[in-house]
Structures are given as C-alpha cells and as structure tokens.
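Down below is the structure, laid out as structure tokens.
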Amino acid sequence: MSKSERYEFVVDGSSDPSRLDAWLASQPALSKSGLSRSRLQALAGEGRITINGGVARPAQRIRPGDAIIVCVPPARSPADLIPQDIPVPAVYEDEHLIVVDKPAGLPVHPGPGHPDGTLVNALLARCPDIRGIGGELRPGIVHRLDLDTSGLLVVAKTQAAHQRLTEQLKNREFRKEYLAVAVGMVTPENGTIDAPVARDPRHRQKMAVDAGGRLARTHYETLEAMEGHTLLNLVLETGRTHQIRVHLAYLGYPLLGDVGYGKASALVGRQFLHAARLGFHHPVSGAWTDHEAALPDDLARVLVTLRSPRGLPAPPLPG
C-alpha cells in the first residue's frame, strides 16, 4: 500500500501576499507530483493543509515566514473496489441512471474506517458496468449523503449521464428536499438560512459557519410543531458538506440526535435527516423527473412518539 506524502514549506520574504491555493500550485515540488490547484483546494477542505499549525483555507492569504504543511493521503487502488451483495432499494432505474434510497449507516464510498461495505460496493454488484464511470474510486457517484443520513441519491450508469448530471449539480439545477426534526420550536417558522460554511479550524472533521467560507443557503418550512421539536421541510440551494446540520445548529435548533452538532437523543440513534425528494432533468431525454422516498421506520417511529406523548392517535406522516 502506498504511503501518505508530506510537504513542508516556509514562505520567503520575496513572496507576494497571494492566495494559499495559488501559491502552493506554483511550487515545483507539488506541481511535479501532479497536485493541481483544484486538488490542493480539496485537500485544504479536508483539513490536510495547515499554516503555522492551524487548519488552512484555500483562499487564505499567505505571509512571509508562514510555515505550511501539506499532507497527501495515499491513493486507493481501483482494484480495492469489490462488488458486494448489499441490499439497497432503488426507486427508479433505466439504462442511464439509478436512483437509490440509501439506508442510514451505509457509507456512499470507501474511505478511512470503511474500506468496503459501501454503496459503491453494492452498486458494483448490481451494475457492474459502472466501474470507471466518472472516476475509478467513486464510480457513478454524482453527489453524496452523510453516513447517518438516509434517502435519495442518483447514480450515473454511463459516462455521458455522469457528465450531464454533474453539470446540473454544479449549476444548482437539482432540487433536493429533506425532512428533518429540529430540537426546539423553530422561529421564524419559515425562512432562509444564508450563512457561509467552511472547515472548522478546531475540529477538522466538522464544518462551521465562517464569514470566509463558501456560499451556503438553505430554505426551510415548518411542517409541524411537536412537544418541543419542529418537523421541517428543507430545500438546499447549495450543497456544502454537513450544510443542513451546520445551519440548523447555527440557528440554535440542532437536528434531533445529531451528536456532531448537537447531542444524542434517546428517541433516535442518529440525526433525524432524510433526503425525501430529488428532482433533476433526465440526462438523455431532458425531461424533468421527480422521485420520493418515504421516511424509514426509525424516523417514522420518532414522529409517532412526538405526536402522541400521551398515547393520543397520531396524524398521518407528511409526504
């Protein structure tokens, strides 16, 4: 197995106060290793670049004397990706794409701590021809969901479909709606959370609202107030890592059961967040297509409990 690589730099006094990513991309040692500016931006977003011991941002301005460390993780081999018979329900499938309803607890692709047993491994067993589509290590993957978030994902089955779906995602043409339960009575009941998000400099595995971060916008609507909790429908205008979780915590209404940005709950063993609706233009026909996934049983039981704390009959689930 290949080893991780570590590069260390000290900014000399003749350097202009340029952006970190631009300065690093100009360093011969990095360009010789094939590290593009976009790849360096991704490494910074993962917390793998530090300046003077603190996690760096791609747009951060460098200064003479800054000590910069770049850690490049070892690349996984495509041969490591093995088909595995893991049941994942599909809500739609044709020769160009498949829309799956990802269960909570299933990683989307292999990574640290879960080398296999992922959605990618399941897809390779179901759709072996996706190997190499859109990249060797994440075949077919167009977008992702957190490990403990359930719901809808579209996966491309051809290179052309992957390219067209990825372009739609980049242009914010997808419509992604989520059902969530927040702790507290959300006020105002409806609104837009417009707060930039960046890697948390204190906890590299987490994100945080940061004035220097990337644009992040979440629209929300209250569906129901229940015993100190609020059932929300949320629409993502942008798709930043952990965006809904960070935004709701920033407002003071963290997701129920979110141990990363709130706290654990006896009502549910994960964050109450479900990608319930997904819309996009079909990559071949161009027709707008909508898909829905019902709440999984663990989240549906939470609503029953919150709606009938005294054993009263529960109203029907939303959607």
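The values are calculated or read from the model by the stated rules, or taken from the named source; none is laboratory data. Worth saying up front: this structure is predicted, and the values here are computed from it rather than measured. Cβ: placed from backbone, ideal geometry, glycine included. Neighbour counts: every protein chain shown.
Scan segment 25-57 for residues that are closer than 26 Å to Gly111 by Cβ and either modelled with pLDDT of 85 or more or among the hydrophobic types (A, V, I, L, M, F, W, C) (or both) and the total you get is 17.
For segment 192-213, filtered to residues that are more than 14 Å from the chain's Cα centre (by Cα) and buried (at least 17 other Cβ atoms within 10 Å of the Cβ), the residue that is farthest from Glu46 (Cα to Cα) is Ile193. Across segment 119-147, the number of residues qualifying as free of Cβ contacts under 8 Å to residues at least 24 places away in the same chain and on the phi < 0 side of the Ramachandran plot comes to 0. Looking at (1) surrounded by 12 or more Cβ atoms within 10 Å (Cβ to Cβ); (2) over 20 Å from Gln205 (Cα atoms); (3) without any contact (Cβ under 8 Å) to a residue 24 or more places away in the chain, which one does Pro28 not meet, given that it meets all the others? Answer for Pro28: the failing condition is (1). Checking each residue in segment 29-50 for being closer than 12 Å to Tyr7 by Cα and outside any helix (DSSP H, G or I) picks out Ser33, Leu35, Arg48, Ile49, Thr50. Where strands (runs of 3 or more DSSP E) fall entirely within segment 132-214, none has at least 3 residues that are over 19 Å from Val235 (Cα atoms).
Restricted to segment 116-137, and to residues there that are surrounded by fewer than 19 Cβ atoms within 10 Å (Cβ to Cβ) and touching a helix residue (DSSP H, G or I) at 6+ places or on another chain (Cβ under 7 Å), the residue that is modelled with the highest pLDDT is Arg131.
The set of residues in segment 10-28 being within 28 Å of Arg240 (Cβ to Cβ) and either part of a strand (DSSP E or B) or acidic (Asp, Glu) (or both) consists of Arg19, Asp21. Among the residues of segment 236-250, write down those that are surrounded by 17 or more Cβ atoms within 10 Å (Cβ to Cβ), outside any helix (DSSP H, G or I) and not polar (S, T, N, Q). Within segment 236-250, Leu236, Arg240, His242 meet the criteria. Per the conditions (1) closer than 30 Å to Ser285 by Cβ; (2) in contact (Cβ under 8 Å) with a residue 12 or more places away in the chain; (3) surrounded by fewer than 16 Cβ atoms within 10 Å (Cβ to Cβ), the sole criterion not satisfied by Glu93 is (2).
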